[in-house]
Amino acid sequence: MSAARRSPFKPLHWVKVSRAMQGSLWAELQKHADAHRYLYFTIADLVLFSAVVPKSKDSSKSDGRQKSAGSKSDKVHLLIILIYAKLFCCFDFMQHSYCSEKLKEIMKKILHLGNTLNQGTARGSAVGFRLDSLLKLSDTRATNNRMTLMHYLCKVLAEKSAHLLDFHEDLVSLEAASKIQLKSMAEEQQAIVKGLEKVELELTASESDGPVSEIFCKTLKEFTAVSGAEVRSLTSLYNAVGKNADSLAMYFGEDPARCPFEQVVSTLLNFVRIFRKAHEENCKQAELEKKKAQKEAETEKSKEANIAKNVSR
């Protein structure tokens, strides 16, 4: 009978990956499996767990159009800047996700932990796991119900690999990226493109108005010259972010159609929050236990002193 069957474990109810997708984190970990193969989690350690504007020839209206064009120009530039900021935030998060060695180590140790719990079951011998399985670590509790598997993970990391506890600091743009919806940005980007097309049509139509629209036409030409280049650059950047967003999902072994960028970010953010909370609770519990031990030691010392005093009498 296997050790898993002798132990009172409940399996970790993750969704396991049996075949690593090429280019994914799991494929990368498989390549270095031999170099990193060691017993980080053991059965003994886990015994606690039970498994635009109308035309007009009137000069005053023309002035109004000029002011309107200037106002719209400012708004469009502001919107472009905001979208740029969001796109660069996405890029920054993706880059740090790929480059974080600490995140890779955390994922590897969770994989080892899950396989240790699930050995001898259909969920065992996994080469990876679905991203949302990270959140299930807080669902599996110890037999005494005092800690979850997430607490246990944090406890072991604190003892054996304390340098990994701040892995979330590598993901500097995670929280900011969680507030970004690529679909909404796509709609904003398309609105800018269509808006610029309308301005260009207005410019073409105004050029036949003669001197009355001269200033207005000049304003629009300056606007379209600058904004046209910005919009083309923005479109190129958005397309690049879209491709990288799909690549990020695949990096974690997910299908972008089922697990889009927003879901990847949301899952990682929730995992980080649960992880940090569990670690903080472990630290508070350890401090309470330390104070309790000190108090008991002082009480015992006081008793011994009293006994010695009575004997001396």
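Structure summary
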read-out: Q95, sole failed condition from (1) of a type in the set (S, T, N, Q); (2) crowded, with 16+ Cβ neighbours inside 10 Å; (3) within 22 Å of the chain's Cα centre (by Cα); value: (2)
read-out: Residue match in the range 200-211 (condition: over 30 Å from P260 (Cβ atoms), among the charged types (D, E, K, R) and loosely packed, with under 13 Cβ neighbours inside 10 Å); value: no
read-out: Enumeration of residues in the range 195-217 that are of a type in the set (G, A, S) and in contact with a Leu (Cβ under 8 Å, 6 or more places away or on another chain); value: S206
read-out: Candidates S56, S71, filtered to the one that is surrounded by fewer than 20 Cβ atoms within 10 Å (Cβ to Cβ), in a helix (DSSP H, G or I) and at pLDDT below 90; value: S71
read-out: Pairs where the first residue, in the range 66-93, is more than 30 Å from E169 (Cα to Cα) and the second is among the β-branched types (V, I, T) and modelled with pLDDT under 60, C-beta under 9 Å, 6+ apart; value: S68/V53; A69/V53; K72/V52; K72/V53
read-out: Of the criteria (1) of a type outside the set (D, E, K, R); (2) closer than 22 Å to K277 by Cβ; (3) part of a helix (DSSP H, G or I), which one N115 fails; value: (2)
read-out: Positions within the range 175-185 being surrounded by 15 or more Cβ atoms within 10 Å (Cβ to Cβ) and under 12 Å from F261 (Cβ atoms), in sequence order; value: A177, S178, I180, L182, M185
read-out: Criterion violated by L248 - all others in (1) buried (at least 17 other Cβ atoms within 10 Å of the Cβ); (2) among the aliphatic types (A, V, I, L, M); (3) over 30 Å from V193 (Cα atoms) satisfied; value: (3)
read-out: Conditions (1) part of a helix (DSSP H, G or I); (2) buried (at least 17 other Cβ atoms within 10 Å of the Cβ); number of the one not met by G228; value: (2)
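Every residue, every condition in (1) more than 28 Å from K16 (Cα to Cα); (2) more than 15 Å from the chain's Cα centre (by Cα); (3) surrounded by 10 or more Cβ atoms within 10 Å (Cβ to Cβ); (4) at pLDDT 90 or above, yes or no:
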site: N244; (1), (2), (3), (4): no, no, yes, no
site: H279; (1), (2), (3), (4): no, yes, yes, yes
site: A286; (1), (2), (3), (4): yes, yes, yes, no
site: K290; (1), (2), (3), (4): yes, yes, yes, no
site: A297; (1), (2), (3), (4): yes, yes, yes, no
site: S302; (1), (2), (3), (4): yes, yes, yes, no
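The values are calculated or read from the model by the stated rules, or taken from the named source; none is laboratory data. Since this is a predicted model, take the numbers as computed values, not measurements. Glycine also receives a Cβ, built like all others from the backbone with ideal geometry; neighbour counts cover every protein chain displayed.
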